[in-house]
Structures are given as structure tokens and as C-alpha cells.
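For reference, the structure discussed in these notes is given below.
What follows draws every value from the coordinates through simple rules; no lab data is involved. The shown structure was predicted, so the numbers you read here are calculated from the model rather than taken from an experiment. No Cβ is skipped: glycine too gets one built from the backbone with ideal geometry, and neighbour counts run over all protein chains shown.
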Amino acid sequence: MKKIILGLVALAAFVAPVSINSASAALVSNINTGEAIYSINGPGTGGAINALEIVKHPNWVTPTGDSDWIGVSNGSQTDAVGVFTYATSFDLTGFDASTASIAGKVSVDNSAVFKLNGVEIGISVAGFRSLVDFSLLSGFIDGLNTLEILVTNKAGGGLNPMGLLISDTAIQVTAVPLPAALPLYGAGVVLLGLVGWRRKEKSIAAA
């Protein structure tokens, strides 16, 4: 009986569905600014550097949740004029990339264009006094995905900071199901083991 129970436990472990809760949480933390590790490459950075959580300019919208404004310097300073590329990555290994979507809110000083895996996806936003909804509905690939946000800091008189805020991110994605034959294969392995055990028990009894 003990071997039967162990065999059934092994079968249950073999066919158990993949949970996406922890993976979804990890994906979200790789999108929200202040939680994710974003790199920034732009004027004056000397190449890609890690984005910093920065003190917001008084005119910028207040972050929600665990998100923060990120940039290369605090909002009380002036940043270079030009385009800064923010980039982060997330892994969809084990998920069906065709079912993936990401939604959230964004605010930026001054404007931003989104790219997913090197392709512009039709999301362009501007303004730092409020949060604007955005959604990524296509362009995902199996394995590692790269999200780039091209932030433009326009010329202006006086203090001219640059920053990006992404918050309230939610992801929908479906785990890749086990092939239909695998549970049957697992059941077959367990049953063969049980049959072999029963035969062995009978042989011992006959002796």
C-alpha cells in the first residue's frame, strides 16, 4: 500500500498544472518603475547605466503603490536635452507568448514612445501632471522580451528635468499546457510500476 501511495503522489506531481501567480508577480516587478531594474542610455550617460529612483519635481504626479519616478538625476536638477532610452527585460519561458498582454499607467517628462523587442507598438504619451493608461497587446515572443521606452527631454527655459513613472501594472498570460500525452505517459509509468510490484509480491507468496 505504501508503494501505491508513493506512486500516486509521483503521478500527481507529474501532471500538476503550472501556477502563474508567482511568475506574474515577477513580471510585474520587472515593469513598474522603482521595482524593476531599468537601464538608461542617452545624452551624457556615457553608455547604459542603471536608472535611479529620483525625487520628483513638484509639478510631477505623485507615484502610486510601490512605483517611483526614475531617471538619471533628481527632479530638482536639469538634464540634457535629447532622447533617453529606458530598457528592461522579462522572461516568458513556459508561457504562451501569443496570449500575453500588459496594462498599466505611465507619466513622463516630456514625452515617450514604447518599443517591444525593437519594434514600435503604437504607444506614444506626453505629460507629467497625471497618469495615463497604456496597454501592450502584441509583439511578445517566447523567452526573453525587452521593453524599451524612449523618453524625449525637450529644450526649455530654467529647470529642465527628465523622468519616467510606470505604475499599477497588470499582466495576463497563459502557462504552456502539458502535451495531452504526458499525463497518460505518467499514469502508464506508475501503473507499470504497480503491476511489477504486485507480481513480485505474488512470487514471494508462492515461494
Which of the peptides 82-94, 54-66 is most tightly packed, and how do the rest follow, going by the mean number of other Cβ atoms within 10 Å of each residue? 82-94, 54-66
Spin-label point model (7 Å from Cα, Cβ direction): what's the Leu137 to Asn117 distance in nm? 1.8 nm
Write down Rg/Rh for segment 20-175, rounded to two decimals, with Rg from the C-alpha atoms and Rh from the Kirkwood relation over Cα pairs. 0.97
